[in-house]
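Below is one structure, written out as structure tokens, with a few remarks after it.
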Amino acid sequence: MGGDRLKIILSLTPPLLIILTLFFGGILYGFLQSLGYQPAIQKYDINFDAYYNVMFSERYAKLFWTGLALNLWVSFVSTFLAAAFALFGALAIRKTFFAKKFCNFIYSLNLPMPHLVVAVGMIFVFSQSGLLARIFTQIGFIGSPSDFPILVKDKYGLGIILAYIWKESAFFFIILMSVLQSLGENFEELAQSLGANKWQRFRYVILPLVMPSLFSASIIVFAFSFGAYEVPAILGVNYPQMLPVMAFEFFLNPDLNARSEGMALSMIIASIVMILVVIYFWLTQSKIRKD
Amino acid sequence: MNNKFKFITLAIVSLFFSRLASAEVAPGFNSWDDVTAAADGGQVNVYMWGGSDAINGFVDDFYGVPLKNDYNITLNRVPLKGTVDAVNQVLSEKEAGVTGDNGNIDLIWINGENFWTLKQADLLYGPFAAGLPNSQFVAWDNPAVNLDFGRPVDGMESPWSSAQFHFMYDSARSNYEDMPRNYGFLSKWISDNPGRFTYIRPGKGGFVGTRFVKQIFFELSGGHDQWVGPYNEELYNKWAPKVWALLNSWEADLHRGGETYPTNNADMHALFANGEVDMSFTQSPRGAGPTNSAGTTPPTSRAFAFYNNMIGDFNYWAIPYDAPNKAAALVYANLVLEPTLQAAQVQPANGFCCGWGISTAKVTSSEGVAAIQDAQNNLGDAAEDQGILARALVSDIAAEYQDKIEADWQANVLLK
Amino acid sequence: MNDNLKKINIYAIYLGSFLLILPLIAFFINAFSFRWFYPQLIPKELSLQAWVRLKLIPKEGFRSLDGFLDLWLSNPTIIKALVNSVTIGVIVTIASIIIALPAARVLGLLNFRFKKLIIFIMVSPTILPPIAFVLGLNINFISWGFSGSFWGVCLVHLVPIMPYVVLTMTGIFANYNPDFEHQARTLGANKFRTFYLITLPAIAPGMVVAALFAFLVSWSQYLLTFLIGAGKIMTLPLLVFSTASSGNPALTAAISIVFIFPAIVILFFTSKFISGDSAATSGFGKL
């Protein structure tokens, strides 16, 4: 028994060590700095000034709260739409038809796409003089670029949402395909033989069965889109500004004191994500207890 | 009495000679030979904006090769997405307690705000600029050179090239004669051509837009001279409302009704190239030449300038306090001021973006003069007449105006 | 009724696929054209100029094998970036699998106190935003002297990679039956032979998936490499960002294609591992 314990500890140590020292070490430093503790410039205070400034000071309050609203909006909408897009895609592709393999490939194609490239791709396609606008012009829908709606670098984060849907749908798609595959056709056929129509089969058979995986995947996607920097940096605007971009900007301020504020904002972002994850765990626990 | 006299003379003379002897080329180096010797066999880490492959290639070829062949220094060019990234790196190194020669960056292509950020925080090495042999070609007495956004350079950065704000138009769509030559006529042009003009939003990454707005201050207030010197709050408050009124009066006729503006040069050029607006901005003495060759503007693009109030300034190389290869950095900073290389900068065939960092009048060697003449004659037809540009040239003004204008523009024009 | 529904189904799929490919089409057209301005749909000027400017293809007249080799061996920035990205990717992939393997086995097969907490810790880098730890880590690394070092960059790449590798491999072990190992041991095989002949083949597919995730995550790291590498370690994402800042669509498209090329190749060759019946991805449902 003792040997087992030792074996467990030794096996777990290497990855744990890396994550604890590098990841949590970095967070710890960031947290200390957000409290004003910066030994390198001989600052040893501990206070919440940075947090207060970021959220409530005249200079930043508006930027922060609009940024927060934008963040939540973008993350919720992209996660939901990406999941929906992938779900309907997966369900439809399941039915065998001749281009299945190809569509399968296309729908999962975006999985390895780096977000950087995705963002650039959105500009190429959805900007007012982009590919879609040119197609519309050729067809005759519009006459000039200004007739095309503003979909990227806009103040509602539409470009960012499009980018996340485009990329994350592949993630959902792959997971859904694997879940649907492992479920097999049996449940559905049974329901069908019992007289359930397509909608009922979807609502009462398929949906509950894919929900767990869908939910887990949604948490990951939401958390990621909430805290990610690259896509909003390329596709966002100056105002309102998504929080990770705002946080990074603090670090470009020559005043080293401003870094406390940058760290404070980063901690706030991380905390919000944590809260959501905790809610997720709590929800799934209660679900399991229900079942 | 005699002894005392001798003693005093000796003291004065030795003081004189010791000062002569300790006139350093740059902190830590007593002579230029010391510098080249120390740099020999090493590397130089050059951090610069990497968004132009033409500039990148120019640095690699025109500096990288001579550095290796003549000085035995290996060039390591680090492309950045923005100068501010290098500034951030130096700040981080300071925060982490790095000292001496233990940093990562040797040279930063820099000016304006970024320069001031590092200078005021004592994060630069120097003063070194006057100690470079080739600084004899730099017009240090010209305020446009020794002041960077209105703040004294104090030898903490050394010039590389220059840029002057002016405009582009597409000769396939418009005529040179019809282009407006001041803001008054521009206003008329805008109302005659609704939806066909916009400008870069003053703000981070959009200093060209801020320049565009600054120039309005000059014109409306009747002259640029009163703006030179330290920040003058009264003067600013007197004219700012009139400037915002003018900009707001354009709003309805601007591209997208003034609801949104391009944030940087790239976006501006894209609007221009895709036919959404009919003018763009340029800072190169070759006018639309660089962007035409890069393919980001139509080949028919040409340049024009207002007859007055076109801001021009210099950009520089600075050395961080903890640079690992300070000697090599000095060699590099000196090399870029070499007259033949400066002429190569301006030659269209070499694809470089910007103008002279030295004063061409100060060059006397026949080789240098010939190279300069050749470059001047070769600027190409996408360039505006250099005489017009020279007469319209005004210097940039105190840095405080920059922040003020950016913030007030956002409040008074964008959010109105 | 059913037929019509099926038709709508099919058209919807096609439309979806079309929208998904559209950006890729835009990349390719941009990368191989010059001055592709609005409203051109088909570019008026096809050209390799973007690739020449990126120093991937030699100028006209020099496009022999020698010409290519001369160009690449002159070590232009893009080659430096490619070499670094691949090298770092391979190193951290192998390292992460070796490090994660024992832990995954223990997490997948055994139950013990704090298991949930440990899994949570392992997974946290994927949940918490990079910005929360990267900036702090950067300062630490600078003061420890790792800033601007190749191995420093490799080390930090492990952080975002570890969760994926651990998770995937834990999923494999969760579906793994150790009985075969026991049988082999009772038949006299030693530890290494057992691992090599029994365990390894069984977990190989999962390892491949884990390796792919690891490589792709490392391949696309921007903020980490940029900050910790201090610009000294040039990787492809850094070059993509700085090229994108030029606003030159042809250049940006060309380098983006280079950037995503390995990802697409990997996806293509391993689609059978990732499709439906993979034990690896079903591990996600168990989260």
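Brief remarks follow.
- Verdict on B:Ile55 being in contact with a Gly (Cβ under 9 Å, 6 or more places away or on another chain), more than 24 Å from B:Thr340 (Cβ to Cβ), touching a residue at least 60 places away in the same chain (Cβ under 8 Å) and among the β-branched types (Val, Ile, Thr): no
- Any hit, the stretch C:65-74, residues being of a type outside the set (Phe, Trp, Tyr), surrounded by fewer than 22 Cβ atoms within 10 Å (Cβ to Cβ), free of Cβ contacts under 8 Å to residues at least 24 places away in the same chain and touching a Phe, Trp or Tyr at 6+ places or on another chain (Cβ under 9 Å): yes
- Scan the stretch A:113-159 for residues that are within 18 Å of the chain's Cα centre (by Cα), farther than 19 Å from B:Thr263 by Cβ and part of a loop (DSSP other than H, G, I, E, B) and the total you get is 2.
- Any hit, the stretch C:173-194, residues being at positive phi and more than 11 Å from every other protein chain (Cβ to nearest Cβ): yes
- The condition of being at pLDDT below 85 and more than 14 Å from chain B (Cβ to nearest Cβ) holds for C:Ala263.
- Test: residue in the stretch A:87-97 that is in contact with a Pro (Cβ under 6 Å, 6 or more places away or on another chain), part of a helix (DSSP H, G or I) and of a type in the set (A, V, I, L, M, F, W, C): no
- Answer from A:Leu81, A:Leu87, A:Leu72, A:Leu162 - the residue that is closer than 30 Å to B:Ala407 by Cα and within 21 Å of the chain's Cα centre (by Cα): A:Leu72
- C:Phe173 vs. criteria under 28 Å from C:Ile88 (Cβ atoms) and either touching a helix residue (DSSP H, G or I) at 6+ places or on another chain (Cβ under 7 Å) or of a type outside the set (Gly, Ala, Ser) (or both): yes
- Enumeration of residues in the stretch B:47-74 that are surrounded by fewer than 24 Cβ atoms within 10 Å (Cβ to Cβ) and in a strand (DSSP E or B): B:Met48, B:Trp49, B:Thr74
- Only one of the listed residues (B:Ala344, B:Ala349, B:Ala370) is modelled with pLDDT under 90 and surrounded by fewer than 20 Cβ atoms within 10 Å (Cβ to Cβ). That residue is B:Ala349.
- Candidate set from the stretch A:30-54 (those that are of a type outside the set (A, V, I, L, M) and under 25 Å from the mean Cα position of the chain (by Cα)); member that is farthest from the other protein chains (Cβ to nearest Cβ): A:Tyr51
- Enumeration of residues in the stretch C:108-147 that are touching a residue at least 40 places away in the same chain (Cβ under 8 Å), crowded, with 23+ Cβ neighbours inside 10 Å and farther than 18 Å from A:Gln33 by Cα: C:Met122, C:Ser147
- Residue in the stretch A:101-110 that is part of a loop (DSSP other than H, G, I, E, B), surrounded by 24 or more Cβ atoms within 10 Å (Cβ to Cβ) and under 17 Å from the mean Cα position of the chain (by Cα) present: yes
- Helices (runs of 4 or more DSSP H) (entirely within the stretch C:150-229) containing at least 2 residues that are of a type outside the set (Phe, Trp, Tyr) and under 13 Å from the mean Cα position of the chain (by Cα): C:150-174, C:200-219
- Scanning the stretch A:138-156 for residues that are within 14 Å of B:Glu276 (Cα to Cα) and either facing chain B (nearest Cβ under 8 Å) or buried (at least 16 other Cβ atoms within 10 Å of the Cβ) (or both) returns A:Ile142, A:Ser144, A:Pro145, A:Ser146, A:Phe148, A:Ile150.
- Qualifying residue in the stretch A:176-184 (condition: within 7 Å of chain C (Cβ to nearest Cβ) and in a loop (DSSP other than H, G, I, E, B)): no
- For the stretch A:216-275, the set of residues classified as surrounded by fewer than 23 Cβ atoms within 10 Å (Cβ to Cβ), part of a loop (DSSP other than H, G, I, E, B) and more than 10 Å from chain C (Cβ to nearest Cβ) consists of A:Val237, A:Asn238, A:Tyr239, A:Pro240, A:Gln241, A:Leu252, A:Asn253, A:Pro254, A:Asp255, A:Leu256, A:Asn257, listed by residue number.
- Restricting the stretch B:234-276 to residues that are buried (at least 18 other Cβ atoms within 10 Å of the Cβ) and among the hydroxyl-bearing types (Ser, Thr, Tyr), the residue that is modelled with the highest pLDDT: B:Tyr236
- First in the stretch B:354-366 and loosely packed, with under 12 Cβ neighbours inside 10 Å, second anywhere and not in a loop (DSSP other than H, G, I, E, B), Cβ under 9 Å, 6 or more apart: B:Ser365/B:Pro339; B:Ser365/B:Thr340
- Checked across the stretch C:80-89, the condition of being in contact with a strand residue (DSSP E or B) (Cβ under 6 Å, 6 or more places away or on another chain) and more than 9 Å from every other protein chain (Cβ to nearest Cβ) holds for no residue.
- Residue check for A:Ile165: crowded, with 20+ Cβ neighbours inside 10 Å and under 27 Å from A:Tyr229 (Cβ atoms): yes
- When the residues of the stretch C:1-39 are filtered to those that are surrounded by fewer than 19 Cβ atoms within 10 Å (Cβ to Cβ) and within 22 Å of C:Thr243 (Cβ to Cβ), the one that is nearest to the other protein chains (Cβ to nearest Cβ) is C:Phe34.
- Against the criterion of being outside any loop (DSSP other than H, G, I, E, B), modelled with pLDDT of 70 or more and within 14 Å of chain B (Cβ to nearest Cβ), C:Ala253 qualifies.
- Filter pass, B:Val228 being aliphatic (A, V, I, L, M) and surrounded by fewer than 22 Cβ atoms within 10 Å (Cβ to Cβ): yes
The values are calculated or read from the model by the stated rules, or taken from the named source; none is laboratory data. Remember, predicted model here, so these are calculated numbers, not experimental data. Cβ sites come from the backbone with ideal geometry, for glycine too, and all protein chains shown count toward neighbours.
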